[in-house]
Amino acid sequence: MLDRRLQGFLIGTIIVLICCFSLLHSRWLLDGFNQLLQPVSEQKARAVSARLASLIADMDGYGVPLDKLRGMEDIFSQIQQAHPDITYLSIQRKPDNVLYSKLIEEVGTHYFSVADHPVPGLAPDRKKVNLVTESLELTDGRQIEVVLGIDRQFQQKQQREILLDSLTVLVISMLIAIELLMFLYVFTFKAPFAMLNRQLQALEQGDLQRVYAFTGNDELGRIGSAINRIIVFFNQRFYQVKVLAKDTLTPSDATLKGREITYQFAKPERIGICYNDILSYVRPPLFLVIFAESMSLSFFPIFVESFYQANPSAWISKDLVISLPISIFMLIWALSLPIAGQWSDNHGRRRAFLWGALVTAVGLVLTAFSQNLWQLLFFRSLTAVGYAIVFITAQGYVTDLTTPENRTKGMATFLSSFFSGSLCGASIGGILADRIGYNTTFLLSALLAIVAALFAVRFFVDHAKPATTKVKTRLFSYADLRLLFSNKAFLVITCLSSIPAKAALTGIVYFTGPVYLAELGASRSDSGRILMSYGLAIILISPLAAWVVDKYKSPRGFIFLGGIFSCIALLSAAYFDNVLGVATAIAGLGLAHAFSVSPQSSLITATVPATSGLALGKTIGLYRLTERLGNISGPLLAAGLIALVGFQTTFLVFAVAILCLSTLFYFAVRNV
């Protein structure tokens with residue numbers, strides 16, 4: 001209890017400090033931005049208007065009548081595309097005799113080209129636009145003005161963008177701080193304190209056979225090392241006894257030297273850290289790898305689209321091409337899991353995690369330098385192999401260090417780190433892609449994967465299994481598959497609930513969400529923040545949902561409730577044709593899956609092993625492999641529907657399908 005209170009106090013204090021300093025820093029940045037933006041915008045507008053005036057002067061010098069200029073529409077469009085804060089441009093004679101003008105309003109773009117008379121109603125609203133004027137005298141003495149209008153709301157939009165980015169970074173900072181603090185707490189305090197406690201208990205019982213591996217140079221490490229020296233001193237001095245009577249000692253290692261018997265205790269055994277104390281060591285490297293891989297979630301479909309635009313195909317639609325790398329990644333990931341799990345079991349978690357993280361890093365680096373779609377598919381497949389090794393090794397690490405009594409808590413550690421990494425990666429990846437580009441973002445994600453590999457080398461400890469248990473594990477056999485796929489409970493839960501949930505995750509959240517948001521004009525930062533809402537809902541609601549499910553003992557009802565929530569969320573995107581509708585759908589799916597995903601696993605473990613006769617471990621492994629069919633099929637289904645019926649109808653089809661399958665599940669699961 002004291003340990004939990006201390007841990008909660010430390011983490012809570014650090015989070016409060018992070019929030020306070022982050023908010024103060026954000027306010028300072030925002031104030032500085034406000035002071036700089038308007039003068040810089042005006043300077044830029046004056047430079048643009050001066051260049052435009054120079055162009056007009058050149059045309060006048062060549063004798064071209066100003067009311068006969070061609071291509072002004074293209075010039076104005078190029079200026080406004082390069083400078084989105086410039087919403088009004090005009091070339092006019094004094095006073096207010098408009099020759100050419102263009103005004104961009106929120107309702108759309110309007111272009112007008114007139115000569116020798118003003119255009120009624122075209123002048124911008126001075127409350128919304130700051131006007132910058134550059135005067136020019138022509139060769140005949142006439143005065144010309146180039147007028148540019150700077151959107152006042154542009155500054156507010158930029159302020160909003162910075163504020164949202166600051167809040168996003170604040171959330172990510174808190175999650176990263178929690179991961180780092182939990183590791184530091186265990187590494188610097190909890191684990192050494194537990195070793196010192198066991199050491200003192202052994203001394204109290206008169207056991208001087210062990211010394212403990214204190215590696216720190218803090219107070220706990222120095223105390224433990226001092227006690228170790230005392231133990232070694234006692235073994236060297238006071239347990240070398242000489243007696244004359246042979247029958248007074250019976251140790252097997254007593255040696256007779258004349259009439260003297262020398263008895264010496266064995267060298268003290270060096271005891272490492274307790275496995276239960278280092279379960280948290282898996283969190284930081286797993287978090288980093290998931291973070292690295294998830295950094296591309298918010299922009300990856302748009303990244304793939306650039307390859308299609310460079311080499312379009314006449315026999316396959318753009319949406320299907322964009323969905324292929326996601327589906328193939330999921331397929332290779334699913335197929336690699338059983339083999340990666342066996343390899344991890346046989347060669348150790350430390351080595352497996354190291355190679356998995358390095359393969360992931362190599363795949364991400366190569367992805368950044370992909371030249372065509374085929375290279376991209378191959379490099380993403382390589383990344384999927386590394387990702388699968390890391391994923392299954394982390395699960396195996398948790399299994400090694402837990403018992404059936406505390407394994408649920410251990411898996412909760414795994415899942416919380418997984419979703420935290422996914423949330424942080426998706427949101428920060430979108431912000432970075434907006435500012436430094438796709439390729440550099442992939443390279444940074446590879447660097448994080450390498451850091452995770454170095455962490456595993458330094459801190460991972462392979463669980464020492466007894467020699468009698470070191471048996472090569474066996475992959476799933478055909479008989480196992482036949483037993484499981486002939487089990488009604490397994491088929492009902494998997495086909496009517498698990499696979500549809502995974503299809504909605506990859507098809508809607510990972511594929512349709514970023515593509516549709518780009519269609520609606522959302523920035524990559526906005527896409528990252530919206531995708532972040534899915535993971536945030538999972539992290540915040542899953543513990544409460546798990547507690548409610550355990551309390552009411554009704555996993556079937558909550559799985560059905562998750563299906564209803566999924567349907568409502570998708571209908572919001574089908575009805576509202578805007579960014580808010582998509583954001584509501586993604587956050588709603590996070591809420592739905594928080595209530596339904598954990599009960600799916602509980603229902604599988606409670607019903608399938610008892611009715612199929614298959615071991616629990618194999619049941620869970622085959623269940624995880626089977627539900628990946630939803631991960632693979634989701635993007636392909638969504639891409640096909642978008643190509644045929646569009647985005648709105650795609651959301652509607654997914655909503656109706658999930659509602660129907662959830663209803664069938666609710667009534668079918670009672671009879672299994």
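Figures for the structure shown
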{"quantity": "Residue that is in contact with a Leu (Cβ under 8 Å, 6 or more places away or on another chain), in the same structural domain as Ser527 (by TED's automatic domain parsing) and over 17 Å from Val656 (Cα atoms), where the choices are Phe558, Phe565, Phe595", "calculated": "Phe595"}
{"quantity": "Of the criteria (1) at pLDDT 75 or above; (2) in contact with a helix residue (DSSP H, G or I) (Cβ under 6 Å, 6 or more places away or on another chain), which one Arg435 fails", "calculated": "(2)"}
{"quantity": "Region 339-356 residues that are under 13 Å from Tyr387 (Cβ atoms), paired with ones that are part of a helix (DSSP H, G or I) and of a type in the set (Lys, Arg) (beta carbon under 6 Å, 6 or more apart)", "calculated": "none"}
{"quantity": "For Ile150: the one exception among (1) over 25 Å from Ala57 (Cα atoms); (2) modelled with pLDDT of 75 or more", "calculated": "(1)"}
{"quantity": "Output for region 569-589, where each listed residue is surrounded by fewer than 19 Cβ atoms within 10 Å (Cβ to Cβ), more than 25 Å from the chain's Cα centre (by Cα) and in a helix (DSSP H, G or I)", "calculated": "Tyr575"}
{"quantity": "Index of the failed condition, Ile541 passing every other in (1) under 24 Å from Thr607 (Cα atoms); (2) surrounded by fewer than 22 Cβ atoms within 10 Å (Cβ to Cβ)", "calculated": "(1)"}
{"quantity": "Hits in region 44-53 - residues which are within 17 Å of Ser101 (Cα to Cα) and free of Cβ contacts under 8 Å to residues at least 24 places away in the same chain", "calculated": "Arg51"}
{"quantity": "Checklist (1) buried (at least 22 other Cβ atoms within 10 Å of the Cβ); (2) at pLDDT 80 or above; (3) outside the structural domain of Leu286 (by TED's automatic domain parsing); (4) over 23 Å from Gly640 (Cβ atoms) applied to Leu531, failing item", "calculated": "(4)"}
{"quantity": "Selection count, region 637-660, where residues are surrounded by fewer than 20 Cβ atoms within 10 Å (Cβ to Cβ) and aliphatic (A, V, I, L, M)", "calculated": "8"}
{"quantity": "Given (1) modelled with pLDDT of 70 or more; (2) buried (at least 17 other Cβ atoms within 10 Å of the Cβ); (3) of a type in the set (Val, Ile, Thr); (4) within 53 Å of the chain's Cα centre (by Cα), index of the condition Thr133 fails", "calculated": "(2)"}
{"quantity": "Matching entry among Phe476, Phe442, Phe419, Phe460 (being within 30 Å of Ile302 (Cα to Cα), modelled with pLDDT under 85 and not assigned by TED's automatic domain parsing to the domain that holds Phe511)", "calculated": "Phe419"}
{"quantity": "Restricting region 163-191 to residues that are in contact (Cβ under 8 Å) with a residue 60 or more places away in the chain and of a type outside the set (A, V, I, L, M, F, W, C), the residue that is nearest to Ile290 (Cα to Cα)", "calculated": "Glu179"}
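Table: residues versus (1) surrounded by fewer than 19 Cβ atoms within 10 Å (Cβ to Cβ); (2) under 21 Å from the mean Cα position of the chain (by Cα).
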position: Phe329; (1), (2): no, yes
position: Ile332; (1), (2): no, yes
position: Ser336; (1), (2): no, yes
position: Ala352; (1), (2): no, no
position: Thr360; (1), (2): no, yes
position: Gln375; (1), (2): yes, no
position: Tyr387; (1), (2): no, yes
position: Phe391; (1), (2): no, yes
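The values are calculated or read from the model by the stated rules, or taken from the named source; none is laboratory data. If you're wondering where the values come from, they're calculated on a predicted model, not measured in any experiment. Glycine gets a Cβ as well: all are built from the backbone with ideal geometry, and neighbour counts include every protein chain shown.
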